[in-house]
Structure formats: C-alpha cells, structure tokens
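The next block holds one structure in the form of structure tokens; read it before the comments.
The values are calculated or read from the model by the stated rules, or taken from the named source; none is laboratory data. Bear in mind that the values here come from a model prediction, so they are computed numbers and not experimental data. All Cβ positions, even for glycine, are placed from backbone atoms using ideal geometry, and neighbour counts span all protein chains on display. SASA here: full protein model, heavy atoms, side chains in, ligands and nucleic acids out. Shrake-Rupley method; radii C 1.70, N 1.55, O 1.52, S 1.80 Å.
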Amino acid sequence: MVRRLYPRADARLAQTVWGLRFVSPVGLAAGFDKNADLVRFWAGLGLGFAEVGSVSALAAAGNARPRAFRLPADHALVNRMGLGNDGADAVAARLAATPRPPGFVVGVNVAKTHSPDILGAAGVDDFRRSVRALRPHADYLALNVSCPNTAEGKTFEDVQALDALLAAVMGEVRPAGDDRQRDGLPVLVKLSPPPTRGVDAGAVDELVQVCLAHGVDGFITANTAADRDGLASAPAEVERIGRGGLSGRPLAARAAALTRHLYRTTAGAVPIIGVGGIDSAEEAYARIRLGASLVQIYTGLVYQGPGLIGRAHRGLVERLDRDGLATLADAVGLDA
C-alpha cells in the first residue's frame, strides 16, 4: 500500500555514487531513525536511502524532555536530543535482522558516546568500537564529528583530533596492507555549517586535507548549528527554547555555501551529500547544481510530511527538462 502511494522516482534521477546505486537522490538525514527501527518504511516512502543513527558505542537515554522544539516562523527545529540511542551492538543486531529492501541504501551515522568522561583517546576508542560493530551492516559510514549536542560541548573538528580519529577509524575499515583505497566501505565525514558571514576557507580546507589524506570518500554538508543567527522568530521564544542544534531553512544558505566550497576545493572528485534546509525540489536542485550528488531531508519532512518526497522527485524531473539535461548526474556542480 505504501509503495502505491509513494512510487519510486523517475529513472533519470538514479545515480551510482561510491559504487552504490541510488534510485533516488533524496534520502533521510541522520537523527530521524536513531535506532534503525524503520528502514523498510523509509524505502516504502520512495526515498533512495536512509542514514540511521547517530549511533554510539554505549547506549544512552539522551537529554531530559522536552528536547525538541519547533520555530514555525523560520520553518526550523531546535533539538537537544543528546544522542539517545540503543548502542552500537543493539543497532547492529537490528540491522542484521532487518531484510534490506532491494535497491535501498542504508548509511549508518556514528558518533561518540554522550558522556563528558569519554574524551581524547577514549573517545577515539569509542568510535572504533562502534565502527567495528556496525561496519558489516552499513552501505556507507558517516562520522558525526561535528554534533553540537554533546555533554562536554566538544567535537572532533580540531585538526589533530580529527587526524587521530580518522587514523583509527580507517584502520578498522581498511586494515593495514589493504591497497583498495576506493573499493571498500565508503566513509563520509559530516561537517558543521559555516557561520552566516561565510565559509572560513582556511579552517575548512585544513580539515578537508586531513580527510583526504586518510582516504575519506565523501562529505555531508552540514550538521545542525549551535548559534541562532538570522532567525525571524521572536527573541523571547528563541530564548525560552534554549540550547540545542538548529536545523531547517535558516541553515540553507550556509550549508549551500559549504557544499559549493567543498566541490570547488576537491574539483568535484569527492561526492557530497547536501543537507540543511532542503524542503522543496527547488532547494534540492539548487544544492545539486552547487555540487551535491545526493540530498537529505529532516526538518522539511517534519513540517511537510512524506508528500515532500514525491513533490521533490517530480520537481527535479521538471527542472531537468527545463535545463535540457538527460540525467540528474549531469546537473551536479553546474553552478559551483
């Protein structure tokens, strides 16, 4: 029944990225299905892929409720979920027991366990434990090095910390002596959005070079934001909600700028998943023309429901026709 209501995307939207066939460029962003409970459901809605998680080595209950809030004037959300999840071993077992829908790609987003006591080398080992458990059940791995919802407020977006983390993770994914730099499990890194004033090219490029040196296969642009820049919502409402990661339309321009910068920096050689404020075919297509091969939805799905998926598919095909392009892959990076 779900498949009849939400049919697959037009064949012109299909792409092969990282050796994986995506029947649709539209996927589910991490944070919606933290424990991989609904993989078959997402496929039934017509999405091309779902990124489950974030998953951490140890189970966590997350922050106290209330911990998710709407800002309707901005078509935005603020969440301080606190990385609640069942833990890597439990999620791995669930994925192993879930029949994978044909042609549906499942990524697994990995984060450090939500604890101020797990820092430094212990944080790296935490990631390694998760990767070891989840690797056999993922079509790709996404490393959440930029989550603002950690108890200690620290991320791995420090060059030295990222270098140590990637050395450990890539050692798990591609053991020493494995020369298949691009033939193994794809590993992606999810970065923070740039500030509203623009991309700090020096800082971003330094992180990118570390990632490329370790053989990272792609980037996700971008995570939620800890700041509240550019909001139309009443300041009192924003203050009442308090801390948490901001997602939705206020991030669109910032995430788009980072996508464009990364595409230019890597000369289009490293695929990008665009996320942040994508709530229409127009925004999805714009992000693709700026360099994203795939896009993810989250806040748009909350505000618009699953009908957004079909509208995005139809609108993307209409824009390909308008621009005289045969496939969506032909549009990637045209405006970068």
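Observations on the model:
- In region 27-43, the residue that is surrounded by the fewest Cβ atoms within 10 Å (Cβ to Cβ) out of those that are within 12 Å of the chain's Cα centre (by Cα) and under 16 Å from Ile309 (Cα atoms) is Phe32.
- The number of residues in region 12-31 that are within 20 Å of Glu283 (Cα to Cα) and either of a type in the set (Phe, Trp, Tyr) or modelled with pLDDT under 95 (or both) comes to 1.
- The set of residues in region 214-233 being more than 25 Å from Gly27 (Cα to Cα) and touching a residue at least 40 places away in the same chain (Cβ under 8 Å) consists of His214, Leu231, Ala232, Ser233.
- Scanning region 254-300 for residues that are open to solvent by 30 Å² or more (accessible area, probe 1.4 Å), small (Gly, Ala, Ser) and in contact (Cβ under 8 Å) with a residue 40 or more places away in the chain yields a total of 3.
- Restricting region 134-162 to residues that are buried (at least 16 other Cβ atoms within 10 Å of the Cβ) and in a helix (DSSP H, G or I) leaves a set whose member that is modelled with the lowest pLDDT is Ala161.
- Test: residue in region 313-323 that is assigned to a loop (DSSP other than H, G, I, E, B), at pLDDT 95 or above, out of contact with any Cys (no Cβ under 6 Å at 6 or more places or on another chain) and closer than 27 Å to Trp18 by Cβ: no
- Leading residue by the ranking (least open to solvent (accessible area, probe 1.4 Å)) among those in region 57-97 that are charged (D, E, K, R) and in contact (Cβ under 8 Å) with a residue 40 or more places away in the chain: Asp74
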